[in-house]
Structures are given as C-alpha cells and as structure tokens.
Amino acid sequence: QVQLVESGGGLVQAGGSLRLSCAASGRTFSRYVMGWFRQAPGKEREFVSCITWSGDSIYYADSVKGRFTISRDNAKNTVYLQMNSLKSEDAAVYSCAARSGPPVSIPRLYNYWGQGTQVTVSS
C-alpha cells in the first residue's frame, strides 16, 4: 500500500504561482510512476503530468506544457508540481497518484490516490 497526501493548494490570482506537494508513505516510493491529475466541477478527471521513478521521463498535458513543472525527491518520498502563470481554467482539485508500470495518462491505471487539494484561481 502507498498512502499519498497532497498539500500546497489555495487561492491565487491569475498569473500567479503555486507549488503542490505530494508526500508518500508505505511501499518503496521510488519504484512508482507518480502522476498529477485534476478535476474541475462538472468535468472529468484529467491528466496533468507524470514522472518516472528515476525522473528521466516526464510528460505533460498540452494545456500545462511550459507553465507547470513536475519533479520528485525520492529521498523525501515527495513529488512536486510547480504551477506558474496560472489561469482561471487551471482551477480544480489536484490529486497525485502512483502506479507501478510505465507512465500513462489514464487515471484508472493508477493504483493509489491522494485525497486532493483545491486550487482556486481568481481573475
């Protein structure tokens, strides 16, 4: 089992920045692909970014490419999502997830999920 706890969400003005953190405990964190997903009210959960255990492969949704940066610190069992130039359409509940296997963008293929953290962007 892997337990995931997100933090760092909040209210930010459009154009601002936030850094989300996801702390993992349980099984060996470093062996998992870690992903960030988001879900806005009335919308399906969507892929934001993911990173392999070594950090050598990183993927982003087109909507966040160039603005968001994912990273991980295996020594701290933590994955981060640095979000810059935030837009109103970025507002959502952001959740981190873990899976064993290749990096993918499909939520149902992730085995473990955090409870999510709210990101609100004011215009």
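The values are calculated or read from the model by the stated rules, or taken from the named source; none is laboratory data. Owing to the predicted nature of the structure, the values given are computational and were not obtained by experimental measurement. All Cβ positions, glycine included, derive from the backbone under ideal geometry; neighbour counts span all protein chains shown. With ligands, DNA and RNA removed, areas are computed over all heavy atoms of the protein, side chains included. Shrake-Rupley method; radii C 1.70, N 1.55, O 1.52, S 1.80 Å.
Mind checking whether some residue in the stretch 66-73 is of a type outside the set (Lys, Arg) and out of contact with any strand residue (DSSP E or B) (no Cβ under 6 Å at 6 or more places or on another chain)? Within the stretch 66-73, one or more residues are of a type outside the set (Lys, Arg) and out of contact with any strand residue (DSSP E or B) (no Cβ under 6 Å at 6 or more places or on another chain). When the stretch 21-45 is filtered for residues that are polar (S, T, N, Q), over 14 Å from Trp113 (Cβ atoms) and open to solvent by 60 Å² or more (accessible area, probe 1.4 Å), only Thr28 remains. I'd like to check something: does the stretch 8-19 contain any residue that is open to solvent by 20 Å² or more (accessible area, probe 1.4 Å) and free of Cβ contacts under 8 Å to residues at least 12 places away in the same chain? No, the stretch 8-19 contains no residue that is open to solvent by 20 Å² or more (accessible area, probe 1.4 Å) and free of Cβ contacts under 8 Å to residues at least 12 places away in the same chain.
Scan the stretch 33-53 and tell me whether some residue there is within 12 Å of Cys96 (Cα to Cα), among the small types (Gly, Ala, Ser) and touching a residue at least 40 places away in the same chain (Cβ under 8 Å).
Looking for residues that are within 12 Å of Cys96 (Cα to Cα), among the small types (Gly, Ala, Ser) and touching a residue at least 40 places away in the same chain (Cβ under 8 Å), one finds at least one in the stretch 33-53, hence yes.
With respect to Val48, determine if the residue is part of a strand (DSSP E or B), of a type in the set (Val, Ile, Thr) and surrounded by 15 or more Cβ atoms within 10 Å (Cβ to Cβ).
Details: part of a strand (DSSP E or B): yes; of a type in the set (Val, Ile, Thr): yes; surrounded by 15 or more Cβ atoms within 10 Å (Cβ to Cβ): yes.
Judged against the criteria, Val48 is a match.
Pairing each residue of the stretch 69-80 that is farther than 9 Å from Ala24 by Cβ with any residue that is basic (Lys, Arg), provided the two are 6+ apart or on different chains, yields C-beta distances under 8 Å for Tyr80/Arg19; Tyr80/Arg72.
Could you tell me whether Glu6 is closer than 21 Å to Asn111 by Cα and assigned to a loop (DSSP other than H, G, I, E, B)? Break it down stepwise before answering.
On the way: closer than 21 Å to Asn111 by Cα: yes; assigned to a loop (DSSP other than H, G, I, E, B): no.
Answer is no for this residue.
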